Every structure is written in structure tokens, then in C-alpha cells.
Amino acid sequence: MSNQTLLPDGSEWLLRMDYTSRGVHGVTVLVVFSCFSLIAVVGLLSAISLSAFNTRSWATDKHPHLFVRTHVAAYFISLLISDLLQAIGSILNVKWIGDMAVVVGDVCTLQGVLKQTADVATAFWTLVIGIHTFSLLFLEIKQSRFTLWTTLIAGWSGIGAIVIAGPAALNTPHHGPFYGISGYWCWISPEYPTSRITLDYMFMFIAAAFSFVLYTLIFLRMRGNIVIERKRISFRRTGAAWRGKQFENQAMTIAKQMLLYPVAYTILILPIAASRFSAFSGTSVPFEVTIFSAAVFLLSGIVNVTLFTMTRRILPPDSFKIPKWTISNPQPITEYTIEAGPDSYYQSSGTYAESYEEKEKDYVYDSEPVPASLPSPPLRIRTADSVPTMLAPPHRSQQRGSGESIYNMYEAANSPIPLTPPDDVARHGGYGR
């Protein structure tokens, strides 16, 4: 199988590039760095998600400036997602290490798409964080929620459009596929050098340059060299430190801490920018320099996570509690009310209302029937582990009149029916007359 093919324009297009032992070791270093970055980014995204879930019910008036509710949190999460895509794209180098060669195919195209998407997205969201910080600290303008959603939707849509535009508009049989082998991995094919700059590196350099300018202006503003009075900007050589109208605002504090991310991004892209432009100009770049510059750029995820964890009081400590899921809770015992008649025989299974003791005095215990209008006492039944006990009838001497005997409804619950009847009951042949 040939490693190259001839394109219609007469140029050669690389189909396969074999790895040497040195190449395997160098690319393995990049995979290891990417794995560390992936773990760090996923861990931080999980922590932010847990904090947002636990603070979802916190009152807004008491916690108005939680990090998860600020605009910069959404922009920072987008930046972490970009770092995640960068790490996944580099981890795909594992296939080339296993095959000992980079081969054109679906995996190669996927790696090229991920790398370009990550490059453009990282640059864009770094620039957005810089602009947001500039508007808060320099201009003292607070962005609205409409601006937040517009930036998020337009940002990711624009990133997707840039990635799609290359292969959709420039992928022609005359120049070969848009994504192909680029050194020891896959990226935009060498047949599209202009696209490499305009659809990838240009966004990285614009983000770095604008971040540097914005950072410088903010620094001079905080130092007191730049003064804004009634929408007029003046410069002073010396001046008192400026704190701003909202210096104590938590949103301002978070914005100041976010200044570190554009600065870190600018530092991280300098080695890879220098090596790539040297290669574009025709200068031979040593293999070690290529691996070093790529490794430094892949540290973006680790650096962003490290900067976030070193910043104090961004996420409340109480928001990291893992929620406890309860299957069922014990329910209180329900009382049921049953209307019972005056001659109930199973009194120990329930408890009569106290008002019935007073009503008992109004009963006539003789041969006359009980008035129908007399209300029956309510009987409250509790669901408890108890066995009802039948109460013993009263002694004959306790009966009144010649009517039927009335059981003592307030006898103690532990008075069972006697097995042997009393003597006077036995002589008269039972209870009653």
C-alpha cells in the first residue's frame, strides 16, 4: 500500500505516516497530559454542577452573587467544555500509537474536527471572559440576561458554522479532503494552508491580542492612571488606586479573578504559535520543540482548573454536600372515628371521648328504654399492636332496675371475663332476672 496519492493539481496527498519509536514516546506524553486535563475538567464540571444543584433553592435576596448564577459562570463552563474537546481530540492519538502510524479515515477526520472546534472555542470563550470582565471593571456596565443568552447561542452557533464552513466550501477533489494528516496527528490538511490561519490560528491570535489589550486597560484603570469622568476618558501618570462604584460587589470580585484566564491563555499559546509559524515559513522545527509546544497548549484545561481551585470563596463550601435520597418516610398514625352505640361490648379496642362521662349520668337505668335522641359517643380507633379484651359484665348488685344489664363501659382494660361465675349468679341461674 502506497503512503501517498497524486491529486489532480499535481501535488501529493499523504495517506499514511508511520511512527518511529521516538514519535511514539513523544505522542504518548501528549496523551498523558490530555488524560490529566480530561480528569481535571470533568471533576471541576461535576463540582460546579453539584454546587448548582444544592443551591437551586437558596434565596436570591440572601445569596445574590452566587458564582453559578453569574454570567461569567456560563462563559467559564463553555471554556471548560472547549478544554474537554481539546483533551478528547488529543487522546485519540492512542489509536495512532497502537497502529504505529497515522492513517487517513473516519477517526482521522473526527480528530481534525475536534481539534479545530476546540481551538476556535477556547479562543472565543477566553475572549468573551475578557470582554465581560472589561465591561464590569473598566466600564462598570452590568450585562443583562438577554445578553448572556444571546452570547451563548450566537457563540456556539458561530463556532459550529466556522468548523462546517471549511469542509463545506473548500473540500474539493482538486485539493483533497479538508481534514488529513498533519505531522503526528490529524488536523486541517497541509493542502489548505490559508484555511489553517483564517479558520483556526487567526481566532487564537485575536483572542490573545485582545485579551492582552483589555488586561492592560483594566490594570491601568485599577491603578488610577486611566480616569473616566462623565463619559470622558483621561490619562494620568500618577493617581490614586481606583476601586470602582461596586468594589464590594461579589460579582466584581469574581470578575477580577477571571482576569487570570485570558492572561494564562496568552502565555500557553505562545510556544505553539512560534513553532507553527516557523514551520509555515519553511523553517525546520525539531521534533522535541513540536512536542513541547503541543504539550504546553494541552495544559490549558489543567491550568484553568488549577486557577479556579486556587481562587477562594467562589463556590460555597456548604454546596458540596451529596444529597441523600430517601425511599420512604414514616407516616403518622391516623385516627378513625366510628359512631358506637351505648351498648358496645368491645370497649378495650378504642377510647371514648371524655364528654361521654358526663352524658352517662343522664341515662335512665330502669325498664324504660333509652331515649332515641340521646347522641352516641364517638369511638376513636388507633392502629396499634394491641389485642382487645372483652370486658366482664357487672355484678348483679351493681345493676339498677329490672331492665337489661348495662356493662360498665369504663372498666379497666385488663379485666377479662371470669371463667367461673360469682356465687349469687350461679344460684339464680345467670345474670338478670
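Only one residue of Ser157, Met202, Ala47 has its Cα farthest out toward the positive end of the dipole of segment 4-320, where Lys and Arg carry +1 and Asp and Glu -1 on Cβ, and that residue is Ala47.
Counted by neighbouring Cβ atoms within 10 Å, the residues Leu114, Leu220 run from fewest to most as Leu220, Leu114. Averaging Cα coordinates gives a centre for segment 151-182 and one for segment 188-234; these two points are 24 Å apart. Residue exposure proxy: Lys142, Lys115, Lys231, ordered by other Cβ atoms within 10 angstrom of their Cβ from fewest to most, comes out as Lys231, Lys142, Lys115. Arranged from fewest to most other beta-carbon atoms within 10 Å of their beta carbon, Trp185, Trp149, Trp96, Trp156 become Trp149, Trp156, Trp185, Trp96. About the centre of its Cα atoms, segment 78-180 shows a dipole size close to 200 debye [charges on the beta carbon of Lys, Arg (+1) and Asp, Glu (-1) only; nearest 20 debye]. Residues whose amide H falls under 5 Å from that of Leu15, counting only those 5 or more places apart or on a different chain, are Gln4, Thr5, with hydrogens built in the peptide plane. For Asp99, neighbours were defined as the other residues whose beta-carbon sits under 14 Å from its Cβ, and their charges (Lys and Arg +1, Asp and Glu -1) total 0. In this structure the amide hydrogen of Leu92, modeled in the peptide plane, comes within under 5 Å of no amide hydrogen from residues 5 or more places off or on another chain.
Rule-based calculations on the coordinates, nothing more; no lab input. Keep in mind the model is a prediction, meaning the values are calculated, not measured. Using ideal geometry, Cβ is built from the backbone for each residue, glycine included, and neighbour counts are taken over all protein chains shown.
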